[in-house]
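K.L.:
First, the structure itself, so that you have it in front of you.
The values are calculated or read from the model by the stated rules, or taken from the named source; none is laboratory data. As the structure is a prediction and not an experimental result, all values here were calculated from the model. So basically every Cβ, Gly included, is an ideal-geometry build from the backbone, and we count neighbours across all protein chains shown.
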Amino acid sequence: MHQMTLAEIARGLADKKFSSEELTKVLLARITQLDPQLNSFISLTEELALEQAKAADARRANGESGALLGAPIAHKDLFCTQGIRTSCGSKMLDNFKAPYDATVVAKLAAAGAVTLGKTNMDEFAMGSANESSWYGAVKNPWNLENVPGGSSGGSAAAVAARLLPAATATDTGGSIRQPAAFTNLTGLKPTYGRVSRWGMIAYASSLDQGGPLARTAEDCAILLQGMAGFDQNDSTSIDEPVPDYSASLGDSLQGLRIGVPKEYFSAGLDPRIAELIQNSIKELQKLGAVIKEISLPNMQHAIPAYYVIAPAEASSNLSRFDGVRFGHRCENPENLIDLYKRSRGEGFGPEVQRRIMVGAYALSAGYYDAYYLKAQKIRRLVKNDFMAAFNEVDIILGPTTPNPAWKLGAKNSDPVAAYLEDVYTITANLAGLPGLSMPAGFVDGLPVGVQLLAPYFQEGRLLNVAHQYQLHTDWHTRTPQGF
Ligand code: GLN
């Protein structure tokens, strides 16, 4: 039962082969049995899950239908869930029970999805390895000595290990696509504004975007359908109609123009990954796509710009966690300043503290023009590169990451080494564009992802290309040993 995709579950439930309650019990038992190896969950919500599953079964019995009605999922632990701990992977929020549901959580619950729990993540979504969580590192099911990627590593490890078919995640600089690549999943970061950020604890507000992580593009279409849409509670949410993402999956790729940026194949890319990317290009050519070399000349500036803008926004967003308004409060403060200092010093881990300091520095009066303003200018150049490229091509293709998943602890002493691994993903966040990662093969037994980028609001095109690719390849069907 645990091998089923969301699409298969929807068919099974519609055909009354099993009930949502039965499936939910099987998956909860599987999580209890296998998750101690992975640490992919921070909280399990068994009672809520069984209640929601029974309610979904009752709705089906009353003649209701829907792809998510009775489908088990989990939420990354930065989506607020009413009455349930929402920790953001931090000691700061260890005892925080959200007083309301995030829009994404409420929408999925209304569609009948069943919440099995809240998944582990890098503290405040800062990281690429899921090692900065206060609840401990998450392990990659493909090799328990390797990282699953981050910051949505808990969602990725759980779905890859078949503990559940799909989960929500968020992507500020790659945190849906990079863990998807590291664990052999399909993950989609939507256009900025496509999915409401209301109730999604903010890291860098101008870059954060929620999206689906699943095994197939078909399943990402189903989950995105339940997440996307205008929300008047989020002033950056965009009032564009939501297309039927499943309807366009079958479109032909004949004549599709795929751009491959020459800058992607530079010295930093593992040559074995480069080869797998070339193979995926050949596969898409067989399906009728036309390949064109393009250039993204400002890509080299994206990492420095991102690692100024994201910490700057984080330093502002995280100022609310002061032990008074929100978050952990230290014992016996001597005075107000002592309370702030110790509450924040105790509540935030080292990576979060580093980012707050970098961000506050970049925004400070003497340095604002030199760092923050400069970074914003680069951001515009990165966007202009994409706009020029999309005049010539329909999608852009390349690797999701320059290397496969590294060993746990390998980059702990050198944060910049980890930042450099984001080179292919962060440009989409700077520009606000949608991006998808899908399985493209293996290197040393570890999965490799290929990334597709599309113009604004063309999530359907990304899902269509990925689905057609997955009809003709079987990388996405491979299961990690022991799961
Ligand atoms: N690795 C990037 C960072 O640490 C991206 C994280 C994310 O997308 N949440 O900021």
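K.L.:
Which ones in region 165-193 are under 16 Å from ARG461 (Cα atoms) and away from the ligand (no atom under 16 Å from the Cβ)?
P.N.:
THR186
K.L.:
Among the residues of region 164-187, count how many are among the hydrophobic types (A, V, I, L, M, F, W, C) and farther than 16 Å from ALA74 by Cα.
P.N.:
So in region 164-187, the residues among the hydrophobic types (A, V, I, L, M, F, W, C) come out as 164, 166-167, 169, 176, 180-182, 185.
Pick out the ones that are also farther than 16 Å from ALA74 by Cα and you get 181-182.
Selection size over region 164-187: 2.
K.L.:
Can you say whether LEU284 is surrounded by 14 or more Cβ atoms within 10 Å (Cβ to Cβ), of a type outside the set (S, T, N, Q) and part of a loop (DSSP other than H, G, I, E, B), as far as the supplied structure shows? Break it down stepwise before answering.
P.N.:
Working: surrounded by 14 or more Cβ atoms within 10 Å (Cβ to Cβ): yes; of a type outside the set (S, T, N, Q): yes; part of a loop (DSSP other than H, G, I, E, B): no.
Considered against the rule, which asks whether it is surrounded by 14 or more Cβ atoms within 10 Å (Cβ to Cβ), of a type outside the set (S, T, N, Q) and part of a loop (DSSP other than H, G, I, E, B), LEU284 comes out as no.
K.L.:
Scan region 417-429 for residues that are within 11 Å of the ligand (Cβ to nearest atom) and in a loop (DSSP other than H, G, I, E, B) and jot them down. Steps first, answer last, please.
P.N.:
Kept after step one, since they are within 11 Å of the ligand (Cβ to nearest atom), are these residues of region 417-429: 418-423, 425-426, 428-429.
Those that are within 11 Å of the ligand (Cβ to nearest atom) and in a loop (DSSP other than H, G, I, E, B): GLU421, ASP422, VAL423, THR425.
K.L.:
Which number in (1) touching a helix residue (DSSP H, G or I) at 6+ places or on another chain (Cβ under 7 Å); (2) within 16 Å of the ligand (Cβ to nearest atom); (3) closer than 13 Å to LYS76 by Cβ marks the one condition that THR115 misses?
P.N.:
Only one criterion is unmet by THR115, namely (2).
K.L.:
When residues of region 1-20 are filtered for being within 15 Å of ALA55 (Cα to Cα) and touching a strand residue (DSSP E or B) at 6+ places or on another chain (Cβ under 9 Å), how many remain?
P.N.:
1
K.L.:
Oh, and also: So which of ALA71, ALA56, ALA67 is in contact with a Ser or Thr (Cβ under 7 Å, 6 or more places away or on another chain), modelled with pLDDT of 95 or more and crowded, with 16+ Cβ neighbours inside 10 Å?
P.N.:
Values: ALA71 fails: in contact with a Ser or Thr (Cβ under 7 Å, 6 or more places away or on another chain); ALA67 fails: in contact with a Ser or Thr (Cβ under 7 Å, 6 or more places away or on another chain).
Matching residue, one of ALA71, ALA56, ALA67: ALA56.
K.L.:
Let me ask something else. Just give me the residues in region 141-162 being more than 16 Å from the ligand (Cβ to nearest atom) and over 14 Å from the mean Cα position of the chain (by Cα), in sequence order.
P.N.:
Correct list: PRO141, TRP142, ASN143, LEU144, GLU145, ASN146, ALA161, ARG162.
K.L.:
Read through the list (1) among the polar types (S, T, N, Q); (2) out of contact with any Gly (no Cβ under 9 Å at 6 or more places or on another chain); (3) within 16 Å of the ligand (Cβ to nearest atom), then give the number of the only condition that GLN82 fails.
P.N.:
The single condition GLN82 does not satisfy is (3).
K.L.:
Any chance you could count how many residues in region 385-416 are part of a helix (DSSP H, G or I), under 26 Å from LEU452 (Cβ atoms) and free of Cβ contacts under 8 Å to residues at least 60 places away in the same chain?
P.N.:
Of the residues in region 385-416, the ones part of a helix (DSSP H, G or I) are 385-389, 415-416.
Applying the additional criterion that residues be under 26 Å from LEU452 (Cβ atoms) yields 385-389.
In the following step, the residues that additionally are free of Cβ contacts under 8 Å to residues at least 60 places away in the same chain were identified as 387-388.
Residues that pass the stated criteria total 2.
K.L.:
Among the helices (runs of 4 or more DSSP H) lying completely within region 99-199, list those that include at least 3 residues that are surrounded by fewer than 24 Cβ atoms within 10 Å (Cβ to Cβ). Spell out how you get there, then give the answer.
P.N.:
Details: elements: 103-110, 153-160, 177-183.
Helices (runs of 4 or more DSSP H) meeting the threshold: 103-110.
K.L.:
Further question: Just checking, does region 86-101 include any residue being basic (Lys, Arg) and without any contact (Cβ under 8 Å) to a residue 24 or more places away in the chain? Full working, then the answer.
P.N.:
Start the filter on region 86-101 by keeping residues that are basic (Lys, Arg), which leaves 91, 97.
The next check asks that each one be without any contact (Cβ under 8 Å) to a residue 24 or more places away in the chain; those that pass are 97.
Yes, region 86-101 has at least one match.
K.L.:
Please verify whether THR479 is touching a residue at least 60 places away in the same chain (Cβ under 8 Å) and more than 20 Å from GLY268 (Cβ to Cβ), treating the condition exactly as stated.
P.N.:
Details: touching a residue at least 60 places away in the same chain (Cβ under 8 Å): yes; more than 20 Å from GLY268 (Cβ to Cβ): yes.
Yes.
K.L.:
Being aromatic (Phe, Trp, Tyr), more than 23 Å from the chain's Cα centre (by Cα) and surrounded by fewer than 19 Cβ atoms within 10 Å (Cβ to Cβ) is the requirement here; does TYR367 meet it?
P.N.:
Details: aromatic (Phe, Trp, Tyr): yes; more than 23 Å from the chain's Cα centre (by Cα): yes; surrounded by fewer than 19 Cβ atoms within 10 Å (Cβ to Cβ): yes.
Taking the combined requirement at face value, the residue satisfies it.
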